1. Have a look at A:T70, A:T105 and point out the one that is assigned to a loop (DSSP other than H, G, I, E, B), at negative phi and either among the polar types (S, T, N, Q) or within 14 Å of another protein chain (Cβ to nearest Cβ) (or both).
2. Criterion first (within 11 Å of chain B (Cβ to nearest Cβ), more than 9 Å from DNA strand C (Cβ to nearest atom) and modelled with pLDDT of 95 or more) does A:L82 satisfy it?
3. Any chance the range A:89-102 includes a residue that's within 11 Å of another protein chain (Cβ to nearest Cβ), surrounded by 15 or more Cβ atoms within 10 Å (Cβ to Cβ) and touching a residue at least 40 places away in the same chain (Cβ under 8 Å)?
4. Please enumerate the residues belonging to the range B:110-131 that are surrounded by fewer than 20 Cβ atoms within 10 Å (Cβ to Cβ), within 11 Å of chain A (Cβ to nearest Cβ) and not polar (S, T, N, Q).
Number of protein chains: 2
Amino acid sequence: MKKLVLYGVVMGLLFLSLEILNFKTLVRQVSMEVYGALVGVIFLVFGLWLGVTMVQKRQSTPLNVKPPETNLSEREYDVLQLMADGKSNKEIAEQLFVSLNTIKTHTSNIFSKLDVQRRTQAVQKARKLEIL
Amino acid sequence: MKKLVLYGVVMGLLFLSLEILNFKTLVRQVSMEVYGALVGVIFLVFGLWLGVTMVQKRQSTPLNVKPPETNLSEREYDVLQLMADGKSNKEIAEQLFVSLNTIKTHTSNIFSKLDVQRRTQAVQKARKLEIL
DNA sequence: AATAAAATCACCCGAAAGTATGAATGAAAG
DNA sequence: CTTTCATTCATACTTTCGGGTGATTTTATT
């Protein structure tokens with residue numbers, strides 16, 4: 001909801017800045033074609049970003065095929081797998097397209113649910129519990 | 001070598017202090033039996049400590065039964081096993097009766113030899129290489 | 001005895017991991 | 001339409017890891 005409003009505002013700002021650029025300097029220095037191209041590119045990029053952002057949400061990289069019979073959520077299971085693969089939190093974050101803090105939260109929850117303190121213990125226990 | 005000298009020096013100091021205690025005050029305040037007992041206890045403790053220390057050295061907690069066919073040393077293999085068990089460096093150090101820094105050195109060497117950067121990667125690779 | 005390898009320990013420093021707390025959002029279920 | 005849960009993210013803080021370097025001491029080998 002609020003995200004859409006934010007998008008609207010950004011759009012507005014884009015238009016505004018374009019207007020300013022247009023009537024002040026640009027139009028007297030470059031041709032109308034260049035100006036149009038610029039506008040096109042900018043809005044193309046913005047549209048791309050918007051589209052990717054919205055689609056990427058809630059599609060949530062489906063890493064696992066078989067959901068485990070544990071109290072771990074899907075996402076936590078994803079993280080656990082990458083963790084067992086020797087990936088660092090940063091690498092996991094990059095691979096799943098989320099922030100480092102998010103991964104930290106996930107790992108914390110994983111540790112709680114598996115009742116361990118460290119990632120090495122987590123993978124060890126997960127292996128023993130047959131969920132890997 | 002030097003450790004033995006140190007032991008000798010400690011022994012000497014013990015004798016010296018005992019002599020001082022002996023002829024100055026103790027002998028006129030407590031009975032000869034008590035004095036003898038005291039000396040006995042002190043030397044017993046010292047002997048115990050010395051024995052334990054020397055035996056404990058180079059007997060090197062025999063954790064592994066089958067030496068792996070890798071370039072890892074015995075000690076490194078010990079550390080690797082505990083590492084795979086989810087132990088922290090501190091815990092490993094305590095279990096092997098060595099300092100934390102020593103374990104750090106071992107882990108560094110393990111990482112080098114296994115060509116990895118993290119402990120999770122180390123256990124993963126070790127598992128793949130059949131050395132765990 | 002000399003040399004080499006293994007094991008021990010120390011110090012520093014930056015990066016990574018982990019803990020705690022709070023919060024916003026979307027999805028699902030009641 | 002709330003309530004619940006999963007997911008996302010942030011900030012702040014503490015602890016642990018890992019890299020680099022250098023050193024001493026054992027143990028083994030020649």
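The values are calculated or read from the model by the stated rules, or taken from the named source; none is laboratory data. Source: prediction; values computed, not measured. Virtual Cβ from ideal backbone geometry, glycine too; neighbours counted across all protein chains shown.
1. A:T70
2. In short, yes.
3. Looking for residues that are within 11 Å of another protein chain (Cβ to nearest Cβ), surrounded by 15 or more Cβ atoms within 10 Å (Cβ to Cβ) and touching a residue at least 40 places away in the same chain (Cβ under 8 Å), one finds none in the range A:89-102, hence no.
4. B:V116, B:R118, B:K125, B:R127, B:K128
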